[in-house]
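Data first, discussion second: the structure below is written as C-alpha cells.
Computed from the coordinates by the stated procedures, all read-outs in this text should not be read as laboratory data. On a predicted model such as this, the values are computed, not experimentally measured, just so you know. Don't worry about glycine lacking a Cβ; one is built from the backbone with ideal geometry, like all the others, and counts go over all protein chains shown.
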Amino acid sequence: MDDKQILAMQKVVEALSGLGDSDLRVVLGFIGMRYGDLNLASPVAQGSTSRNVGLIGNGGVLPVTSYDTFPDLYHAANPETEADKALVAGYWIQACQQKDGFDSFTANSVLKDMGYTISNITRAFDALMAQDPKYVMQTKKTGTSRQARKVYKLTQAGLKRVGEMLNTPTE
C-alpha cells in the first residue's frame, strides 16, 4: 500500500469517527452512490436483488445497500404513511437512479406502477417540506397554475430518514 492510500484511509476514519450508525449509513450510502459498486464488500447473498457496497472501518466492512428495483426498495423500507411512501419514491429516483431531483408525477408513477396510490402526491410532499427538519425541498416549479410541475430534492434529513426506514428490523 502506498502513502497516498494510507493517508486517504486515515482521513476517512477521522471524518467518520464521530458519526452514529444512522449518520454513518447516510454517508456511506452517498459514497456508494458517488463512486459506484466498487466490490469492496462480501458478495451479495444468493437470491438477493440488491447490491452491497462496503467500506472498511474499525469494526470491519460496513454495508451500504442499494436496490436494483423500486419494489425491492419499497418493501425493504415498508413505508406506512402517504408521506413516507412519497419519500421512498423520491429516494428511489434521486438516490438509486442518481438524479439531481424529481418531479411529483414521476414519483407518483413509480408508486402507481406497483399498485400503491397516493390520494394527492403534492400534499404528501408538502407535508414532508413542513416537517422540522424538512425531508424534501422544492427546487423548481414550471408553469403558473396550481397544476404546474414541481421539482423536488430530498434533503440530508430526508436521506437519513429513508436510511432509518431501511435499517429498521422487521419481525
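General observations
- The simple Förster model, with R0 at 22 Å and r as the Cβ-Cβ distance, assigns Thr122 and Lys153 a FRET efficiency of 0.90.
- Take each peptide in 91-102, 73-84, 17-28, 2-13, count the other Cβ atoms within 10 Å of every residue, and average; sorted highest first, the result is 91-102, 73-84, 17-28, 2-13.
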